[in-house]
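Novice: Sending over a structure as structure tokens; questions will come in a sec.
The values are calculated or read from the model by the stated rules, or taken from the named source; none is laboratory data. Owing to the predicted nature of the structure, the values given are computational and were not obtained by experimental measurement. Cβ sites come from the backbone with ideal geometry, for glycine too, and all protein chains shown count toward neighbours. To get the accessible areas, we keep the full protein, side chains included, count just its heavy atoms, and leave off ligands, DNA and RNA. Shrake-Rupley method; radii C 1.70, N 1.55, O 1.52, S 1.80 Å.
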Amino acid sequence: MQARVVSASRGARWLGEGWRCFRVAPLGWLAAVFGYWIVMMLVSIVPLIGIAAAAVLVPAFSVGFMAIARATSHGAPPQFALLFEGFRHPVRPQLALGVAYFLCLAAVLGASALADDGALAGWMLTGLRPDDEVLQSDAFLGALLIAVLLYVPVMAAFWFAPPLAAWHSTGAPKALFFSAAAALMNWRAFLAYGAATAIVTLVIPFVALTLLTLASAGSLRFPVASLVFPLLLILLPTLFASFYASYRDIFGYDAAP
């Protein structure tokens, strides 16, 4: 196992490769996404431990989505059972990664709470949106900036860690280290990937929906807003598949399903 340094142009193409994986079998991908949502929702509503347990399961399920992307990249059908690929390997490293991920999230939200008295953290944990006055306050924007800056290294450490632990039999600490090192070595590719992802998932949909609303003089405001969910259904599987494209490029691992 050795990470490679790829060009920035490769990073910009990961999202396109993710779209091609989704396009091979969109129904299979959507079934996996819905299944993931249902499982995480059921786990999250468990009293006292639900939110923590859902965070702990994230790394194992990320292996499942990478397994689905690996299958579709080889032209194989994305079987729903692949979503649980992370649980077919030794589970202890995945659970260790999950606990570490939960602790990192708690630290990030805790740091953000110092700036806005927990408004952002409360929104993330309960789903209850703060009022507009809070959202537009300098304190909330400061908390959001703190959370983003602190989450970037967390994301780098966990980007490749789950498949490294599952497919390379790497322990959780080494998987986190190798993932962070690989992301740092390929910061140009990830910067290009981030820019391409922001354009496709944020800028283009926002501009398109805004233009539709303005063209209809506001009369189609609610129908236009209803387009957000279908867009989300397309973008999420594409993003999940693009994670595998980055892993395959940097670690050169593309075994047949």
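Novice: Among the residues of segment 21-43, count how many are touching a residue at least 24 places away in the same chain (Cβ under 8 Å) and in a helix (DSSP H, G or I).
Specialist: 12
Novice: If you don't mind, another one. Kindly provide the set of residues from segment 35-64 that are on the phi < 0 side of the Ramachandran plot and either aromatic (Phe, Trp, Tyr) or open to solvent by 60 Å² or more (accessible area, probe 1.4 Å) (or both), ordered by number.
Specialist: TYR36, TRP37, ILE38, MET41, LEU42, ILE45, VAL46, PRO47, ILE49, ILE51, PHE61
Novice: Under 9 Å between Cβ atoms, which residue pairs at least 6 apart in sequence (or on different chains) link something in segment 1-16 that is open to solvent by 60 Å² or more (accessible area, probe 1.4 Å) with a partner that is among the β-branched types (Val, Ile, Thr)?
Specialist: Hits for this filter: MET1/THR170; ARG4/ILE250; VAL5/ILE250.
Novice: Find the helices (runs of 4 or more DSSP H) located wholly in segment 68-166 whose residues include 3 or more that are surrounded by fewer than 17 Cβ atoms within 10 Å (Cβ to Cβ), touching a residue at least 12 places away in the same chain (Cβ under 8 Å) and touching a helix residue (DSSP H, G or I) at 6+ places or on another chain (Cβ under 8 Å), and list them.
Specialist: Hits in segment 68-166: 91-116, 138-159.
Novice: Checking PHE158 against (1) among the hydrophobic types (A, V, I, L, M, F, W, C); (2) farther than 30 Å from LEU95 by Cβ; (3) modelled with pLDDT of 95 or more, which test does it fail?
Specialist: Single failed check for PHE158: (2).
Novice: Got a sec? Which of LEU220, LEU233 is modelled with pLDDT under 60 and aliphatic (A, V, I, L, M)?
Specialist: Just one listed residue meets the conditions, LEU220.
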